[in-house]
Amino acid sequence: MGGNAIHLQRQLAEYSKSLYVEGFLDDQFKQLQQLQDESSPDFVFEVVNLFFEDSERLLNELTKTLSQPIVDFRKIDAHVHQLKGSSSSIGAQRVQRVCIAFRNYCEEQNNDACLRCLQLIRHEYSLVKRKLETMFQMEKQVLAAGGSIPMH
Amino acid sequence: MVMAASESQFHVLAVDDSLIDRKLIERLLKTSSYQVTTVDSGSKALEFLGLHEDDDRSNPNQPSISPNHNNQEVEVNLVITDYCMPGMTGYDLLKKIKESSSLRDIPVVIMSSENVPSRISRCLEEGAEEFFLKPVRLSDVNKLKPHMLKTKSKNSPQKPNEQDDQGSTEASSASATSSPETPSPVTEDTKECQSQPQQSQSPNNKNKRKGVEEGLSPDRTRSRYNNNGLTVVSN
């Protein structure tokens, strides 16, 4: 393994560590990584991409539902429940936390607070998405340089 | 993880409406050398198990479920199901399985992202072997094997769960690997599973449930529950 690979590997390790320190990811993401092996080499990438698709669909649904003249809070709650589930399944901790607050405002039928939560979720979601994409990119570079991805 | 060869024969049916969670549970089970079938609804699970639901209205004198003898070659050693699903909930599925003479010996495990004590005790009273909080982890999946071994050696029928109900309100005992993310118990169990039919329960039942709720400590630990009234620590 060349010096470049070692350098890239170290960068990747530092970057992923920062994602835990800053709370973007929690231990559930490590669980996903543990489940990835030779028989499923793209498991993490696949599940995270499902999370992206699911989140974007739900965010659009939420935006639509919250912009109705009469807001169906039960529907909102069902969507946020799903988003909370999928974010916790991949360990996207900060998204999951906003979902918890969101559901409380939903129960109070607090329209303004729900809108603020939706904005916050959009924000957190786009952050974690960018971070995960960067991490996958770095993994590719490590592999291309002849290095290996450490399993956790 | 090292698994004996014989365990690869165990076949688990996993039921979850979320694609992400189906992927996850499938991977968890396969890593543990189980054969896995996943379906996205309770009715598909029943279909796979060889039961089909008759339309109650067209067939009022029949039980809502009847065995389909064409499909019996598929052996399922355990059903693991999400609680909150549109249409048939995991609890409904559990009841149908336990009401069926041909299926009731199959161990059923419920998964839920919500830590709702009343929900947990209701599932255990109905005969669920375990209640896992989501996201399910490898340490949870490791707890499945004893339930399958119990059924596989068919020398004794499933222990009647009434026994546990009468025993005490300690049916739910928790052991834990600590996980601060686990939500605190929620008292209301109404919000996200709107399709769930209202329970008609005897007052006796209600009291029991209340006892269980009060007995549970609201600490923020990752908890698991089983219906033996025993605490099993095997993490």
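The values are calculated or read from the model by the stated rules, or taken from the named source; none is laboratory data. These numbers come from a predicted model, not from an experiment. Cβ atoms come from the backbone with ideal geometry, glycine included; neighbour counts cover every protein chain shown. What goes into the accessible areas is simple: the full protein's heavy atoms, side chains included, and nothing from ligands, DNA or RNA. Shrake-Rupley method; radii C 1.70, N 1.55, O 1.52, S 1.80 Å.
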Qualifying residue in the stretch A:41-62 (condition: open to solvent by 20 Å² or more (accessible area, probe 1.4 Å) and among the small types (Gly, Ala, Ser)): no
The stretch B:35-59 - residue that is small (Gly, Ala, Ser), outside any helix (DSSP H, G or I) and open to solvent by 20 Å² or more (accessible area, probe 1.4 Å) and, of those, modelled with the lowest pLDDT: B:58
Of all residues in the stretch B:13-35 being within 16 Å of the chain's Cα centre (by Cα) and in contact (Cβ under 8 Å) with a residue 24 or more places away in the chain, the one that is farthest from the other protein chains (Cβ to nearest Cβ): B:13
Residue A:122, sole failed condition from (1) within 11 Å of chain B (Cβ to nearest Cβ); (2) of a type outside the set (Val, Ile, Thr); (3) in a helix (DSSP H, G or I): (1)
Within the stretch A:25-40, tally of residues that are open to solvent by 10 Å² or more (accessible area, probe 1.4 Å) and closer than 19 Å to residue A:85 by Cβ: 4
Count of residues meeting criterion [facing chain B (nearest Cβ under 10 Å) and either surrounded by fewer than 21 Cβ atoms within 10 Å (Cβ to Cβ) or not in a helix (DSSP H, G or I) (or both)] in the stretch A:104-119: 1
Breaking point among (1) among the polar types (S, T, N, Q); (2) facing chain B (nearest Cβ under 10 Å); (3) open to solvent by 70 Å² or more (accessible area, probe 1.4 Å), for residue A:11: (2)
